[in-house]
Amino acid sequence: MFDTLEKMLIDYKWKLNKHNKTTVMRKGQYSLNLGMTCHWAKEGRPILPSVLMRENKHEIYNECKRLFPEHEFDCIMINKNFKCIPHRDKNNIGDSIIVGLGDYQGGDLVVEGKGHCILYSPLVFNGAEQEHWVEDWWGGDRYTVVLCKSKFKSMRTPTPQTCGDETTAIPHSGHPHGLLHSNQDTCL
C-alpha cells in the first residue's frame, strides 16, 4: 500500500533545510515541508506550494492525497532519520497523520508518554496539543511522513482536500491495521 510513497522518499534528493532555525540537524538527518507554506507567516499573505513541493512537481503531495483522501491537510513534512525531542507543534491545528516507512526497528513515536509503532501503521494524533517525540531506532533509514494543517487559517486558500471535521479519525479500509488514534488502544 505504501510502496510508491516509500520509493519516492528513498529516491528523493534530500537536502538540508536552510530555513529551519528552530531545529539543529545532525548529519544525515532531514525534515522538509513538501506542502503549502506562507513565508514569514504574515497576516493576509496567501499560502502557496513550497519551493520543495514545486521542485517535486507535487508528486509526494498527490500520493499522500491518494492514500488519505479524507484527511484535510495543507502541509506535508517528510523526514529522514529525524529524531525529535519532546515538543508540541506550535504551528499546527487539529489532527495530524504520521506514518513510518523504511527498513528500521524501534523508532516508536511517543505521544503523551505512550509509545506507538508507526512503521507502515498510520497514527492520528493532535501534535499541537499532545507532547510527542521519537525513540531510538536501529537497522536502517527511518522515513516519516506527517500530514498536518497549518494554524494560519486566515491565510489558507480553499483546496480540493477540504472536507469535514478536522478532529475526526479517518477510516482507511485499505490498511491492515487501520488508523490508530493516539488516545486509543485499538485501530479504527
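The values are calculated or read from the model by the stated rules, or taken from the named source; none is laboratory data. Values in this document were obtained by computation on a predicted structure and should not be read as measured data. Positions of Cβ are generated from backbone atoms using ideal geometry, with glycine treated the same way; all protein chains shown enter the neighbour counts.
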- Query: Does Ile93 qualify as being among the β-branched types (Val, Ile, Thr) and either assigned to a loop (DSSP other than H, G, I, E, B) or buried (at least 22 other Cβ atoms within 10 Å of the Cβ) (or both)?
  - Reply: no
- Message: So, in region 44-57, exactly how many residues are exposed (fewer than 15 other Cβ atoms within 10 Å of the Cβ) and free of Cβ contacts under 8 Å to residues at least 40 places away in the same chain?
- Response: 5
- Message: Can you list residue pairs whose Cβ atoms sit under 6 Å apart, with the first residue in region 123-147 being on the phi > 0 side of the Ramachandran plot and the second being of a type in the set (Phe, Trp, Tyr) and surrounded by fewer than 24 Cβ atoms within 10 Å (Cβ to Cβ)? Count only pairs 6 or more apart in sequence or on different chains.
- Response: Gly139/Tyr104; Gly140/Tyr104
- Query: Name the pairs whose Cβ atoms lie under 8 Å apart, with the first residue in region 22-33 and among the β-branched types (Val, Ile, Thr), the second in a loop (DSSP other than H, G, I, E, B) and modelled with pLDDT of 70 or more, and 6 or more positions between them or separate chains?
  - Reply: Thr23/Cys84
- Inspect region 8-20 for any residue being surrounded by 13 or more Cβ atoms within 10 Å (Cβ to Cβ), under 17 Å from the mean Cα position of the chain (by Cα) and modelled with pLDDT under 80 and give the result as yes or no. yes
- Task: State whether the residues of region 61-81 include one that is free of Cβ contacts under 8 Å to residues at least 40 places away in the same chain and either touching a helix residue (DSSP H, G or I) at 6+ places or on another chain (Cβ under 8 Å) or farther than 14 Å from Leu147 by Cα (or both).
- Result: yes
- Give the residue, chosen from Glu135, Glu112, that is within 16 Å of Asn79 (Cβ to Cβ), surrounded by fewer than 22 Cβ atoms within 10 Å (Cβ to Cβ) and charged (D, E, K, R). Glu135
- Message: Can you tell me which condition Ile76 does not meet? The list is (1) surrounded by 12 or more Cβ atoms within 10 Å (Cβ to Cβ); (2) in a loop (DSSP other than H, G, I, E, B); (3) at pLDDT 90 or above, and all the others hold.
- Response: (2)
- If you scan region 90-117, which residues turn out to be within 24 Å of Asp141 (Cα to Cα) and of a type in the set (Asp, Glu)? Asp103, Asp108
